[in-house]
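Q: First, the structure itself, so that you have it in front of you.
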Amino acid sequence: MIITKLSNYQIIKLKNMYLEILTPDKKLFSGEAEYINIPGRAGGTGILDKHAPLISSLKEGKIKVRDAAKKEFLFEVKGGIVEVRDNKVIVLAE
């Protein structure tokens with residue numbers, strides 16, 4: 001992450017895309033991600049930095065995330081929806 005201060009404002013430029021994985025109960029992940037693999041209804045989908053806009057439903061499976069520090073995370077989901085837009089990925093999962 002690169003932070004530039006201009007007078008009283010800060011401009012934050014992410015080196016990778018920003019990911020949030022949300023469930024009805026809690027936030028599972030929030031931060032920069034280098035790579036995301038989701039279990040889409042039509043098959044697994046890999047998402048990298050600057051991915052094209054996308055909205056997809058998810059089937060039961062695992063979401064694999066590699067963060068900016070190259071640490072990998074796995075999240076079990078029963079289904080949900082993912083939106084990719086403007087280098088931000090939001091997953092609403094069950």
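Q: Rounded to the nearest 0.05, what FRET efficiency do E76 and A42 have when you use their Cβ-Cβ distance and R0 = 25 Å?
A: Efficiency for this residue pair is about 0.80.
Q: From the cross-link list K15/K59; K26/K70; K26/K62; K50/K78; K27/K64; K15/K78, which pairs have alpha carbons spaced over 22 Å apart?
A: Values: K15/K59 29 Å; K26/K70 24 Å; K26/K62 17 Å; K50/K78 27 Å; K27/K64 16 Å; K15/K78 30 Å.
Violating the 22 Å limit, Cα to Cα: K15/K59; K26/K70; K50/K78; K15/K78.
Q: Find the eigenvalues of the gyration tensor of the Cα atoms of the chain, then list the square roots of 5 times those eigenvalues as equivalent ellipsoid semi-axes, largest first, in whole angstrom.
A: Equivalent-ellipsoid dimensions as semi-axes: 25, 13, 13 Å.
Q: Could you pull out which residues in the range 38-55 have an amide N less than 15 Å from a spot 7 Å beyond the Cα of A68, following the Cα-Cβ vector?
A: 49-50
Q: At 0.36 nm per residue, and after removing the present C-alpha to C-alpha distance, how many nm does the segment from H51 to L22 gain when stretched out fully?
A: Taking H51 through L22 to full extension adds about 8.4 nm, to one decimal.
Since every read-out is calculated from the coordinates, none of them should be taken as a lab result. These figures come from a predicted structure and were not determined experimentally. Every residue, glycine among them, receives a Cβ derived from its backbone with ideal geometry; neighbour counts consider all protein chains shown.
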